[in-house]
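Worksheet: one structure, shown below.
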Amino acid sequence: MFGAGAIGASVGIRLSAAGVPVAMVARPSLVAVRDGLQSRGLGGRTYRPSEDLVVSEDPAILSDVDLCLVTVKSRHTTEAAQTLASVLSPDAAVLSLQNGLRNPIRLRAALEQSVAGGMVSYNVVRPAPGVFVQATKGPILVGRLPGKRADDLGSLRRAAARVDIHLDVRGDIDDVMAGKLLLNLNNGICAVTGVTIAESLRSRTLRRCFSRIMREGLAVLRGSGLSPRSIVGLPPGAIARLLALPDAIVLRVAKSLVAVDPSAKSSTLQDLEAGKPTEIDDLCGEIVVRAREAGLSAPANALITDTVHALEGQDPPKFWSPERLLAALG
């Protein structure tokens, strides 16, 4: 694992618990709590890593890995690729488990190794140092790899199943990642208004905002040649329509969609609150760029992107009310 934050650490710990030899490149704060690491599944089961889990700041620990799972924020991908180019074995393969659509391209630009895209569809919260709790339901989906590494993916999938991770290999990973991107557009809604994921989905006003940018994003992605796939059961277009319906219908019909840990916050909001740059350019900003490239427009996603960037410079961020955002989106 390169970049063991919430997602990377959660996955790495559970794979280690399943018997997979795992090495995690992480910040000093995670290295310091190595002996207390634990990852809790959605059903409440707690997993602790095996004794041979390696956690270090030194990327050299990845020199003999067969698969390298990259989980850094998008703004760090190019730097990560340059580092990995100097330490990975030539016959290793790389999986990008990151937000957005462009990270596999960034990795391939610097690496000779095979690179496949992928995505983690669930959210992870950290209630205490070294403790990682799955907050929402969903699979990990990855693209295909050639030759021997295809067999490694099969072994990884079986190991993941032993620790309650549904990992699957898809031939249409670009379209799968596009479907995830549409759901991730809600990161921008949460960031602009300063609310948790659960609050955003239980507010009809914010669901209408989400529906607006999702429908716009779907049109743009289709216009750029992608066919976004569902990762939560319902097709993206159906989700966008459902979001705008009254609470009584949404909370009854789409229970899995709104079944979120009350404390879970989007990664974009977490970055804002921590005073860090966000990934909004790889989320709503990606829709804006693709719209421009396809000769289309994406004013709703442009508004979210610009507003999040404005909030990045505020301490503390001056969040918008749901009503203000809905009125601005039109």
Inside region 79-93, the number of residues satisfying the requirement of being closer than 13 Å to GLY3 by Cα and in contact with a Lys or Arg (Cβ under 9 Å, 6 or more places away or on another chain) is 2
Of the conditions (1) under 20 Å from ALA327 (Cβ atoms); (2) surrounded by fewer than 16 Cβ atoms within 10 Å (Cβ to Cβ), PHE210 satisfies every one except a single condition; which number is it?
(2)
Anything in region 89-115 that is surrounded by 23 or more Cβ atoms within 10 Å (Cβ to Cβ) and over 21 Å from ILE280 (Cα atoms)? List them, or say none.
ALA93, VAL94, LEU95, VAL115
What residue, among those in region 236-246 that are farther than 15 Å from VAL176 by Cα and over 20 Å from the mean Cα position of the chain (by Cα), is surrounded by the most Cβ atoms within 10 Å (Cβ to Cβ)?
LEU243
Scan region 70-87 and tell me whether some residue there is part of a loop (DSSP other than H, G, I, E, B), at pLDDT 95 or above and loosely packed, with under 15 Cβ neighbours inside 10 Å.
no
Restricting to region 101-123, what's the tally of residues that are touching a residue at least 12 places away in the same chain (Cβ under 8 Å), closer than 23 Å to GLY217 by Cβ and not in a strand (DSSP E or B)?
8
Could you list, in sequence order, all residues of region 8-41 that are part of a helix (DSSP H, G or I), in contact with a Ser or Thr (Cβ under 8 Å, 6 or more places away or on another chain) and surrounded by fewer than 24 Cβ atoms within 10 Å (Cβ to Cβ)?
ALA17, VAL31
Kindly indicate whether any position in region 120-136 is touching a Leu at 6+ places or on another chain (Cβ under 8 Å) and farther than 26 Å from LEU269 by Cβ.
no
Condition met for LEU201 (in contact with a Gly (Cβ under 7 Å, 6 or more places away or on another chain) and not assigned by TED's automatic domain parsing to the domain that holds ILE13):
no
Among ARG212, ARG202, ARG241, ARG207, the single one that is of a type in the set (D, E, K, R), under 21 Å from LEU269 (Cα atoms) and modelled with pLDDT under 95 is ARG202
When GLY233 is run through (1) surrounded by fewer than 24 Cβ atoms within 10 Å (Cβ to Cβ); (2) under 16 Å from the mean Cα position of the chain (by Cα), the failure sits at (2)
Is it the case that some residue within region 307-327 is in a helix (DSSP H, G or I), in contact with a Phe, Trp or Tyr (Cβ under 9 Å, 6 or more places away or on another chain) and either of a type in the set (A, V, I, L, M, F, W, C) or free of Cβ contacts under 8 Å to residues at least 12 places away in the same chain (or both)?
yes
What about VAL94, is it outside the structural domain of SER263 (by TED's automatic domain parsing), under 28 Å from SER224 (Cα atoms), assigned to a loop (DSSP other than H, G, I, E, B) and touching a residue at least 12 places away in the same chain (Cβ under 8 Å)?
no
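Residues are listed down the side, and each one gets a yes or a no for (1) over 26 Å from GLY5 (Cβ atoms); (2) touching a Cys at 6+ places or on another chain (Cβ under 9 Å):
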residue	(1), (2)
PRO236	yes, no
ILE239	yes, no
LYS265	no, yes
ALA300	yes, yes
LEU311	no, no
LEU326	yes, yes
Report whether or not GLY188 is in contact with a Pro (Cβ under 8 Å, 6 or more places away or on another chain) and at pLDDT 95 or above.
no
Which ones in region 42-69 are outside any loop (DSSP other than H, G, I, E, B) and either under 30 Å from ASP91 (Cα atoms) or not assigned by TED's automatic domain parsing to the domain that holds VAL133 (or both)?
VAL54, VAL55, SER56, PRO59, ALA60, ILE61, LEU62, LEU67, CYS68, LEU69
Taking GLN270, is it under 24 Å from the mean Cα position of the chain (by Cα), within 26 Å of GLY5 (Cβ to Cβ) and among the polar types (S, T, N, Q)?
yes
Considering only helices (runs of 4 or more DSSP H) wholly within region 124-201, the ones with at least 1 residues that are in contact with a strand residue (DSSP E or B) (Cβ under 9 Å, 6 or more places away or on another chain) and of a type in the set (Val, Ile, Thr) are 173-184
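The values are calculated or read from the model by the stated rules, or taken from the named source; none is laboratory data. Keep in mind it's a predicted model, so treat the numbers as computed, not measured. Glycine also receives a Cβ, built like all others from the backbone with ideal geometry; neighbour counts cover every protein chain displayed.
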